[in-house]
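**Student:** Take this structure, written in structure tokens, and hold onto it; I'll ask about it next.
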Amino acid sequence: MRETHAKMSIREDVAEKRLRMKFHNTGSGANTEATFFMELEPDQRVESFSVTIDGKTAEGEILDAEKARKIYEGIVAKQKDPALLEYYGARLLRVRIFPVPANADFEVEIRTIEALRSQGGLVRVNTLNAVPASFRKPLKTMTVEATIESSKPLKAVFSPTHDIVAARTGPRAMKLTYSRQDYFPAGPFVFYYQASEEAFGAAVLAFEEPGEDGAFMITIAPPADGTAGERLPRDIVFALDTSGSMLQGDKIGQVRKALAAFVETLTDKDRFNIITFSTEARAWRESLVTATAEAKAAGVSAANSLNARGGAAIEDALKLALAQSFRPDATKIVVFLTDGTPTIGERDDEALLKIARGRGVRVFAFGAGFDLNTRLLDRLAIENGGDRQYIHPNENATEVLASFAKRIDAPLLADPVLKFAGVEGSAEVTDVQPKKLPDIFQGGSVVVTGRFKGKGARRIELSGTAGRETRSVSYTLDFASEPRNDFVPRLWAIQRIDFLLDEIRTRGASKELAEEIVRLSKRYGVVTPYTAGLITEDVPVTAAGIERRVGQSAGANYNGQQEWELGRNQQEWRGAYNQERQQLAANGALGRGNDANAQAELMNRQRNVGNRAFYNRGGAWQESGYEAQVARTLKFGTEEYFEFLRNNDGAGAVLALGRNITFRLGSEWIRVE
């Protein structure tokens, strides 16, 4: 396969799909026959479909699960390649193509009309799954375009597999796009959308595996088109480093542009001020000013006049920024940007953090370049309900801050709290991440993950402040486990590891926390700089190793390029809510890019099958947790092998890894050879 292009239109949960693929026959000699397979999910209703090859109508057929199983087994037995077992148990769309000339290109187009199904308030769309993992090679081009229309307000669109771009075309319409060149398929392309009449829509996805606590993911999506009355006022203070080091790489020029653009986005419900700090801190105005057209013009002029010189008086900057006369009913925000460490005034972390603590002001910290105290910026953000971002010296700070400005444009609910109240026979909820929810902004969404025991519904209450008022909304969500939600436990583990890393970096190393990081990283295949040995195998991944690495960070005062890389990689994992971003974060932890070759290399070393992690050890795949335990041998391609496949749902996805695999089934270990 050379190219894949998917286009679809979804109206009231009915999808019209058009899938166009370009293939190349690499063989030489006589004409050959090609067979194309595409997975259909068990409950996927295909109302109609058509197939064309190079513009000519061709025949295709939908195979039920039983007939598809026989075809799978026949191909595996004949070709000795288990790749297609990834689809075992599913229905198939099969297209036979003949003749295909040697060294020739041909195009296949498939059109379908499908009825989609809502699950837990979310509608799942499997855009395509026509490339089993073992066959995957880089594609020249991959594009997806989808339009969604609903009679109910659309709340959110997200993908657990790919880094999509979703744009609203109306309160009840959205457009999703995705485009990549030199693309290495990471797996099926799946996305979800949520439509709800609730002001703050909520939906849950849950997955439970025998012998383990279940995992859930709740998505909370606010209104996309809030009225002026719903939008909360903001008091924003920009505290910007203008020390001499900001001249390097024209960081000061980028900050000028970013600040000017940010000021332009303010509304007359907002107030703002600008604090600059170098040898000393200075305020643009004595107090916060209302963002009238005149004030914004003056603010833009001030932004364009920023100059860099002197040292970095971070103490004075924090004191001046946090001493502003914030309104009680406003969302209080300090945007703090620096490219260095304190050089003038107080330099002790604890003393500086004490300045900001307990003031009810969100601090969003941006670190530009490598000469930073990452621990100080981390704690400033974590302890004050904000976030932090690390900007590479070659990265454009203007674009980073523009994206941030858009994200916090319209606050709707401050200090949100999610409470779980049981109903009879309901699931018990534990280990919820994040521990403290971020403020909720118009057009955004908040993702909450956790673990649960038991089955049934939970009553959930979301509450927070909107100006001087307290708002709350209640939901009853059913924690019903679905096999297709097997990506949820890994999402929970990623957020849990992020929390644990924050704990050991901000409070010091702890053996217990380090051991939990090791356990979760191995179990779910989360490769961070602390656990890169899972892939490289050069250094064993141990709690002592993590404690040692944290000690090295403290010895370096959390300063320098290595510390920046640790902070940046944690930032990448924190936002890795899809497989593509997870792959990017893992390759970042290994110190390499994320082109098709790097993606293929990572997949050759580590693979996730649902919520299970496998590692390539000497050409054989081993599931995490295997440490030379006694294993039952299963000979590849034998009748016993196929009988095992038929009797164990979900085994096909594991057996598709290859002919040398060791994996766990319940309490038993199985070795295929």
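The values are calculated or read from the model by the stated rules, or taken from the named source; none is laboratory data. Please read these numbers as outputs of a predicted model, since none were measured by experiment. Cβ: placed from backbone, ideal geometry, glycine included. Neighbour counts: every protein chain shown. Note: areas computed on protein heavy atoms with side chains; ligands, DNA, RNA excluded. Shrake-Rupley method; radii C 1.70, N 1.55, O 1.52, S 1.80 Å.
**Student:** What part of the accessible area of the range 191-277, given as a whole %, is carbon or sulfur when the probe is 1.4 angstrom?
**Tutor:** C and S atoms contribute 50 percent here.
**Student:** Residue-wise, which Karplus ³J(HN,Hα) couplings in Hz belong to the range 382-395, taking 6.51 cos²θ - 1.76 cosθ + 1.60, θ = phi - 60°, and x for glycine or proline?
**Tutor:** Values per residue, Gly and Pro as x: 4, 6, 10, x, x, 8, 9, 9, 10, 10, 5, x, 8, 8 Hz.
**Student:** Next question, about the same structure. Give the carbon-plus-sulfur fraction of the accessible surface of the range 490-642 in %, rounded to a whole number; probe 1.4 Å, heavy atoms of protein chains only.
**Tutor:** Reported share for carbon and sulfur atoms: 46 percent.
**Student:** Separate question: Can you classify the range 632-673 as rounded, prolate or oblate using the Cα gyration tensor, where a ≥ b ≥ c are the square roots of its eigenvalues, rounded means a/c under 1.5, and otherwise it's prolate if a/b beats b/c and oblate if not? Could the numbers behind the result be given before it?
**Tutor:** Values: a/c = 1.23, a/b = 1.07, b/c = 1.15.
It comes out rounded by the Cα gyration axes.
**Student:** For the range 493-529 and the range 228-283, what is the separation of their Cα centres, given in Å?
**Tutor:** Between the Cα centres of the range 493-529 and the range 228-283 lies a distance of 34 Å.
**Student:** Something else: Given charges of +1 on the Cβ of Lys and Arg and -1 on the Cβ of Asp and Glu, with all other atoms neutral, how large is the dipole of the chain about its Cα centre, in debye to the nearest 20?
**Tutor:** Values: 88 positive and 90 negative charges, 58 e Å.
So the dipole magnitude of the chain works out to roughly 280 debye.
**Student:** Please give, to one decimal in nm, the separation of the simple spin-label points placed at Arg592 and Ala173, each 7 Å out from Cα toward the Cβ.
**Tutor:** The modelled label-to-label distance comes out at 4.5 nm.
**Student:** Right, next: Tabulate in residue order the Karplus-calculated ³J(HN,Hα) for the range 553-567, using 6.51 cos²θ - 1.76 cosθ + 1.60 with θ = phi - 60°, rounded to whole Hz; enter x for Gly and Pro.
**Tutor:** With the stated coefficients, the range 553-567 comes to 5, 5, x, 8, 6, 6, 10, x, 5, 4, 5, 4, 5, 4, x Hz.
**Student:** Also, quick follow-up: Hey, what number do you get for the chain at 222 nm if only DSSP H runs of n ≥ 4 count, each worth -39500 (n - 2.57), divided across all residues, to the nearest 500?
**Tutor:** Taking each H run of at least 4 residues, the total per residue is -8000 deg cm²/dmol.
**Student:** Percent of Cα-Cα pairs more than 37 Å apart in the chain, please.
**Tutor:** Of the Cα pairs, 43 percent sit more than 37 Å apart.
**Student:** How much length is gained if the chain between Thr476 and Lys511 is pulled fully straight, taking 0.36 nm per residue apart and subtracting their Cα-Cα distance, in nm to one decimal?
**Tutor:** 8.7 nm
**Student:** Any idea of the accessible area per residue across the range 491-644, 1.4 Å probe, to the nearest Å²?
**Tutor:** 41 Å²
**Student:** OK, next. Enumerate the amide H contacts of Ala312 below 5 Å, restricted to partners 5 or more residues apart or on another chain; note that Pro and chain-start residues carry no placed amide H.
**Tutor:** Amide H to amide H, under 5 Å and 5 or more residues apart or across chains, Ala312 pairs with Thr343, Ile344.
**Student:** Between the range 167-190 and the range 369-428, how many Å separate their Cα centres?
**Tutor:** Measuring centre to centre over Cα atoms gives 24 Å.
**Student:** Here's another thing I want to ask about it. If I stretch the segment between Asp268 and Gln552 completely, what's the gain in nm (0.36 nm per residue apart, minus their alpha carbon distance), one decimal?
**Tutor:** Details: separation 284, 0.36 × 284 = 102.24 nm, distance 4.82 nm.
Working it through step by step, the gained length comes to 97.4 nm.
**Student:** Please list, in order, the residues from the range 541-555 whose amide nitrogen is less than 18 Å from a point placed 7 Å along the Cα→Cβ vector of Glu350.
**Tutor:** 554-555
**Student:** Just grab the label-to-label distance for Ala77 and Asn660, each label 7 Å out from Cα along the Cβ direction, in nm (one decimal).
**Tutor:** Computed distance between label sites Ala77 and Asn660 equals 2.6 nm.
**Student:** Based on the alpha-carbon gyration tensor of the range 499-631 and its eigenvalue square roots a ≥ b ≥ c, which shape applies: rounded if a/c is under 1.5, prolate if not and a/b is larger than b/c, or oblate?
**Tutor:** oblate
**Student:** Which of the trypsin sites (Lys or Arg not before Pro) found in the range 279-318 are in a DSSP loop and have at most 16 neighbouring Cβ atoms, other than their own, within 10 Å?
**Tutor:** Details: sites: Arg282, Arg285, Lys296, Arg309; in loops: Arg285, Arg309.
Sites meeting the loop and neighbour criteria: Arg285, Arg309.
**Student:** Now, a different point. Sort the range 1-126 into rounded, prolate or oblate with this rule: let a ≥ b ≥ c be the square roots of the eigenvalues of the Cα gyration tensor; rounded if a/c is under 1.5, and if a/c is not under 1.5, prolate when a/b is larger than b/c, oblate otherwise.
**Tutor:** Oblate is the answer for the range 1-126, as a/c is 1.5 or above yet b/c matches or exceeds a/b.
**Student:** Amide H neighbours of Phe479 under 5 Å, at least 5 residues apart or on other chains, H built in the peptide plane: list them.
**Tutor:** Hits under the 5 Å cutoff: Gly456, Ala457, Arg458.
**Student:** How much length, in nm to one decimal, is gained on full extension between Lys635 and Lys152, taken as 0.36 nm per residue of separation minus their Cα-Cα distance? Intermediate values should be presented prior to the final figure.
**Tutor:** On the way: separation 483, 0.36 × 483 = 173.88 nm, distance 5.33 nm.
This chain segment gains 168.5 nm when fully extended.
**Student:** Another question, if that's okay. Report the label-to-label distance for Glu16 and Arg309 in nanometres (one decimal), using points 7 Å from each Cα along the Cα→Cβ vector.
**Tutor:** Taking the simple label geometry, Glu16 and Arg309 are separated by 6.6 nm.
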